[in-house]
Amino acid sequence: MQKKDIKWDELGFGYQPTDFRFEARWKDGEWSEGQLTDNPNIELTEAACVFHYAQCCFEGLKAYETVNGDIVTFRPDQNATRMSKSATRLEMPPFPEDKFVKAVEAVVRANASWVPPFGTGATMYIRPVMIGSGPQIGVAPAHEFIFRIFVMPVGAYFKGAVKPLKLQVADYDRAAPRGTGDIKAGLNYAMSLHPTMEAHRAGYAENIYLDPATRTYVEETGGANILFVNKEGKLIVPKSDTILPSITRRSLVTVAKDILGLEVEERTVRFDEIKDMAECALCGTAAVLAPVGMIHSEAGDIYLPSGMDEMGPICKKLRETLTGIQMGEIEGPAGWVHKIEL
Ligand SMILES: Cc1ncc(COP(=O)(O)O)c(C=O)c1O
């Protein structure tokens with residue numbers, strides 16, 4: 001297939017309209033079948049619920065060209081399930097999970113010439129989004145909804161790809177106890193924009209949020225989960241009800257245990273334990289696994305022993321194994337790599 005004429009290795013992480021997107025609409029109590037469209041725009045009433053009461057949730061996953069030229073996605077069923085949970089929590093009708101996966105396949109297939117070739121380091125980012133589109137002025141859910149999936153080719157989320165990042169501990173909280181921290185609601189990101197810009201202005205790539213109730217435990221960053229490796233080489237993964245259950249993080253835990261034979265602890269992690277860790281990284285679909293070299297907090301700066309030049313050895317193994325599975329170079333657990341028939 002003829003690929004688009006793009007400098008794949010120069011791509012950043014940004015919007016690029018591609019040829020087709022999927023759209024389905026909820027009206028009169030049911031979802032339409034949905035179809036592909038070439039129109040990247042949505043026309044909405046000024047009274048749409050999403051504008052006023054942030055009735056919106058979304059997902060993020062990727063398509064890859066593998067070493068043998070197949071186009072695959074990674075665990076799209078998990079995104080379908082998470083989006084159902086997000087929609088339900090926000091009083092939106094979940095889009096049927098089997099149809100979600102079929103719609104992802106249809107959009108990727110229709111835009112196959114935009115999937116970056118194997119070996120370029122670029123991937124196709126897939127963005128499903130659902131909004132309350134019907135008019136709503138009293139505080140209540142909309143009666144009409146739009147579900148869309150669009151795609152674009154992307155490069156690394158953090159510039160400098162695998163260079164260790166500097167983070168700061170946010171003065172702000174990301175999510176309330178028993179709030180919406182565990183779903184992918186737009187509102188969680190609206191409130192993170194100001195802290196994120198403050199972090200960037202101060203020279204940090206991202207914020208680490210602490211648990212909102214006690215500010216004792218590590219939660220996650222604005223757009224990725226966090227993981228640590230302790231000095232005994234054990235993977236330590238923060239557990240919390242107010243963080244997004246990252247599909248990348250859950251996959252890395254399986255890779256660590258079942259493929260690399262590492263010991264894994266999933267538990268609450270006190271912020272004051274970080275000074276004793278050997279490695280730290282962010283993980284998510286967009287970031288994949290990005291090493292952290294330094295963390296700034298009011299109590300002082302923590303420099304991870306893995307340093308500011310390179311990724312620590314265990315993080316490197318985890319990243320290489322996960323990306324190897326996604327790119328078809330390493331056999332992963334059954335069902336993880338989902339081939340798109342072209
Ligand atoms: C707040 C937050 N945490 C974690 C993640 C990682 O989740 P996943 O690995 O499912 O992409 C994301 C999205 O990428 C996110 O926005």
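Which residue, of Ala290, Ala286, is out of contact with any Leu (no Cβ under 9 Å at 6 or more places or on another chain) and not assigned by TED's automatic domain parsing to the domain that holds Gln78?
Ala286
Does the stretch 81-125 hold any residues that are in contact with a helix residue (DSSP H, G or I) (Cβ under 6 Å, 6 or more places away or on another chain) and among the aromatic types (Phe, Trp, Tyr), and which are they?
Matches in the stretch 81-125: Phe100 only.
Of the residues Glu23, Glu105, which is modelled with pLDDT of 95 or more, among the acidic types (Asp, Glu) and closer than 16 Å to Val129 by Cβ?
Answer to the selection: Glu23.
Kindly list, by first and then second residue, each pair from a residue in the stretch 184-207 that is over 25 Å from Ala87 (Cβ atoms) to a residue that is of a type in the set (Phe, Trp, Tyr) and at pLDDT 95 or above, limited to pairs with Cβ atoms under 8 Å and residues at least 6 apart or on different chains.
Qualifying pairs under 8 Å: His194/Tyr172; Pro195/Tyr172; Asn207/Tyr172.
For Leu289, indicate whether it is touching an Asp or Glu at 6+ places or on another chain (Cβ under 8 Å), at negative phi and buried (at least 17 other Cβ atoms within 10 Å of the Cβ).
No: the conditions fail for Leu289.
If a residue must be touching a helix residue (DSSP H, G or I) at 6+ places or on another chain (Cβ under 8 Å) and within 14 Å of the ligand (Cβ to nearest atom), how many such residues does the stretch 229-243 contain?
1
Looking only at the stretch 135-152, count every residue that is crowded, with 18+ Cβ neighbours inside 10 Å and more than 24 Å from Thr81 (Cα to Cα) and tell me the total.
Count: 1.
Out of everything in the stretch 213-223 that is away from the ligand (no atom under 14 Å from the Cβ) and surrounded by 12 or more Cβ atoms within 10 Å (Cβ to Cβ), what residue ends up being nearest to Val50 (Cα to Cα)?
Checked the stretch 213-223; the qualifying residue nearest to Val50 (Cα to Cα) is Ala213.
Got at least one residue in the stretch 184-203 being outside the structural domain of Cys56 (by TED's automatic domain parsing), more than 15 Å from the ligand (Cβ to nearest atom) and surrounded by 14 or more Cβ atoms within 10 Å (Cβ to Cβ)?
Yes, the stretch 184-203 contains a residue that is outside the structural domain of Cys56 (by TED's automatic domain parsing), more than 15 Å from the ligand (Cβ to nearest atom) and surrounded by 14 or more Cβ atoms within 10 Å (Cβ to Cβ).
Tally time: how many residues in the stretch 241-292 are without any contact (Cβ under 8 Å) to a residue 40 or more places away in the chain, outside any helix (DSSP H, G or I) and touching a strand residue (DSSP E or B) at 6+ places or on another chain (Cβ under 9 Å)?
6
Output the residues belonging to the stretch 266-317 that are among the β-branched types (Val, Ile, Thr) and either under 14 Å from Ile226 (Cβ atoms) or under 20 Å from the mean Cα position of the chain (by Cα) (or both).
Result: Thr268, Val269, Ile274, Thr285, Val288, Val292, Ile295, Ile302.
The values are calculated or read from the model by the stated rules, or taken from the named source; none is laboratory data. If you're wondering where the values come from, they're calculated on a predicted model, not measured in any experiment. Note: ideal-geometry Cβ built from the backbone for every residue, glycine included; neighbour counts use all protein chains shown.
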